Every structure is written in structure tokens, then in C-alpha cells.
Amino acid sequence: MENCHNLFRIAISEASTLRSMMRENIRKTYQANGTLIILIPVFNDWKSLEMLLIRLDQVLKDENIQAEVIAVDDASSIAIHEDFMSYKVAAIKKVSVLDLRRNLGHQRAIAIGLAYTEENIACQAIVVMDGDGEDDPVDVIRLIRKCEIEGYTKIVFARRSKRSESFIFKFFYLIYKGLYRLLTGQEIRVGNFSIIPRRILCRLVAVSEIWNHYAAGVSKAKVPYTDIYSRRSTRLYGKSQMNFVQLVTHGLSAISVYGDIVGVRLLVTSCLLICLSFLSILTVIGIRLLTKLAIPGWSSYLVGLFFIIFIQGFMLSLVFIFVVLMGRNNIGFIPKRDYHYFVLSIKEILNYE
């Protein structure tokens, strides 16, 4: 029994030593290769952002990591208050606000923030997180450690192991996940919360799909990524400004990334509908001419019904063919090339350098 206790104490000591070594390696990495950038899209949620930065600063301070924060202001209708971040921070050395010319939504605000950072700031990695506090600052350290283990060669996403929303939200989310998998053949498992190494960021800003949905764009472009499990926290202040319509739009944006795949799957479905309606017409004609089972007048009604279905399936197949072809020829928005059209200004609201 005493030997077991000794082995247990040795294991705890070695784990603590390993954690200290990893923490020191991470600190040296960011000192040698550039700072850590934390990108946060914001729309009117300045109070939550301030509370998040205070918590985030404490977490980074405990791990001896310094960072800069870029808040992408998605054309907020509420101005940032003058005493924002009056609390003295230690690990966060700079807070900048990137003002956009118009409201674009979180996904497109993230795309613009990534393109701006890639072109203007030298960094080792960039963390993308929401500003309402639902992305736990403690998980930022876990993302960094996982990225360090992967040698800064993959994007690391925080995969939700448990959600904190209401039952109704969870119910509709399950329906959405099923529809998403049915139409795209993919599983939706992650959101915005992630860390992007610099070498991957240089590739990511040329991916036009992140304009509609960041996580789906990464998957569609086959950018290397992995994930860790995390639990969604609760909002720090106020209520979510996302309504049902915006949530549906967000879901459709993710599906639109796979527009060509969705078009092909629906094309196959419409072709099957054409084949089934044609076979049904032949079956009705065969029963009418070759058997005595036919009821007077029924065959003409069924043939007409199946012919209408046949025509509709044919027209739908033409539509889906054009959707696929147009999707393949449409380059769309390229963040690295086009982001500056939406940037109004960049201003520092905190600088301890």
C-alpha cells in the first residue's frame, strides 16, 4: 500500500513538472515568434466583452502568456463607453477595435478580422472566440496546448461536449444537424471558438467559403484541423441578440458552403423521382391493357398525376444542374483580396506596451 502511495505521489509530481515545462515552452514560443492574437467579433455587447477580457487576462496571467486583443466592431449601434477596460490588466498588452463600415454578421466579421490580422500583424497564432463569455477563457489555454502538441500545423477547434441552451433550442438544433448531414454528407461539430496557427492563417484568408461560415469553410477547403472537447459557458451579461430568423440564416449559411454538394444530392433525388414516376406510368398502362383489375377512369387520372410529377422532377433537375454549374464558376468574396472594402478604421483603446 505504501508503495502505491509513493507511485501516486511520483506520478503527480511528474505531471506537474510536465505541465510547467509545457507552460514554459508556450511562453518561449510566443516570445520568440510573435504574440498571441485574440480575435473577438462584437455587436453592441461591450459590457460582456469587458467582463470577458478581465477573466481572460487572469487566465493568461496565470500561464505567463501575453496577448493582444482585436475586437471587430460589426457596426454597433451602441458606442463603446469611455471607461471601457478601466480595470488594470497584466497579460493583455493591447486592445484594438476594428470598425466595419456596415453590419455583416459574426461570420463575415471574423473573415475580415482574420484577413486584417494576416496582412498587418506578426503573430504566432490567432484565437477566435465570441465576446459574450460562452467561450470559456480557460479553454483558450487548452487550445494553445493542443496547438503546441500539433506543432502549429493544424487549426484546433473547441468541440461542444455539452450545451447550455434551452430544450427548444436543443430540439431544433438536433433537427438542423440531421438536415445538415442529409444535405451535405458532413457532420457539424464545432463553432467559431478555435486557434489558428500563422502558417495556416496565410492559407485560410484565401478561402472564400469562410465569408459565409468560418467552420464549414475550413472543412470544405480541407484545411487541416483537429478539436478538443469543451463545455459551453453561460453569458456574462445581458441576453443574446440572436433571434430565430438569424439562427436559421446562420444555419443556411453553413449549408450554402456546400452548395455544389447539396445541388448534386438534390439532382440525384430529382432523377430518382423522374425514374419512379416513369415506372409508375408504365405500371398503370400495363395494368390497364394487360389485366382486368383496372377501374374505369382511374388509369387516366393516375397517368396524369404521375406525368405531372415527372415534369416537375425534370424541371427540378435542370434547376439543380444550373445551381451546381454556377457554384463551380463563382469565386465569390476572397478575404485577403476584398476585406479592406469593409474596414472603416482601426483604433487602440488600450496599450501597455
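The values are calculated or read from the model by the stated rules, or taken from the named source; none is laboratory data. Predicted, not measured: the structure shown is a model, and the values here were computed from it. Virtual Cβ from ideal backbone geometry, glycine too; neighbours counted across all protein chains shown. Protein only, heavy atoms only, side chains kept; ligands, DNA and RNA dropped before computing areas. Shrake-Rupley method; radii C 1.70, N 1.55, O 1.52, S 1.80 Å.
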Condition first: open to solvent by 30 Å² or more (accessible area, probe 1.4 Å) and part of a loop (DSSP other than H, G, I, E, B). Can you find one or more residues in the range 48-62 that meet it? no
Just need a number here: residues in the range 185-204 that are outside any strand (DSSP E or B), touching a residue at least 60 places away in the same chain (Cβ under 8 Å) and surrounded by fewer than 21 Cβ atoms within 10 Å (Cβ to Cβ). 6
Picked from the range 230-254 (must be at pLDDT below 80 and under 16 Å from R181 (Cβ atoms)), the residue most open to solvent (accessible area, probe 1.4 Å) is L252
Among the candidates K239, K222, residue that is without any contact (Cβ under 8 Å) to a residue 24 or more places away in the chain and within 22 Å of L52 (Cα to Cα): K239
Mind telling me which of the residues L325, L305, L293, L272 ends up being assigned to a helix (DSSP H, G or I), more than 30 Å from I92 (Cβ to Cβ) and at pLDDT below 80? L325
With respect to the numbered conditions (1) β-branched (V, I, T); (2) over 29 Å from L183 (Cβ atoms); (3) modelled with pLDDT of 80 or more, which one is the sole condition not fulfilled by I261? (2)
Candidate set from the range 328-353 (those that are modelled with pLDDT of 85 or more and charged (D, E, K, R)); member that is farthest from R265 (Cα to Cα): E348
Scan the range 257-269 for residues that are aliphatic (A, V, I, L, M) and assigned to a helix (DSSP H, G or I) and jot them down. I261, V262, V264, L266, L267, V268
Looking at the range 205-229, which of its residues are surrounded by fewer than 19 Cβ atoms within 10 Å (Cβ to Cβ) and not in a strand (DSSP E or B)? A206, A221, K222, V223, P224
State all residues of the range 64-79 that are open to solvent by 40 Å² or more (accessible area, probe 1.4 Å), touching a residue at least 12 places away in the same chain (Cβ under 8 Å) and touching a Phe, Trp or Tyr at 6+ places or on another chain (Cβ under 9 Å); if no residue qualifies, say none. Q66, S77, I78
Which residues, counting only those in the range 133-158, are among the acidic types (D, E) and either more than 23 Å from K93 (Cβ to Cβ) or open to solvent by 20 Å² or more (accessible area, probe 1.4 Å) (or both)? E134, D136, E148, E150
Condition first: more than 27 Å from Q246 (Cα to Cα), open to solvent by 20 Å² or more (accessible area, probe 1.4 Å) and not in a strand (DSSP E or B). Now tell me which residues in the range 85-107 satisfy that. S86, Y87, K88, A90
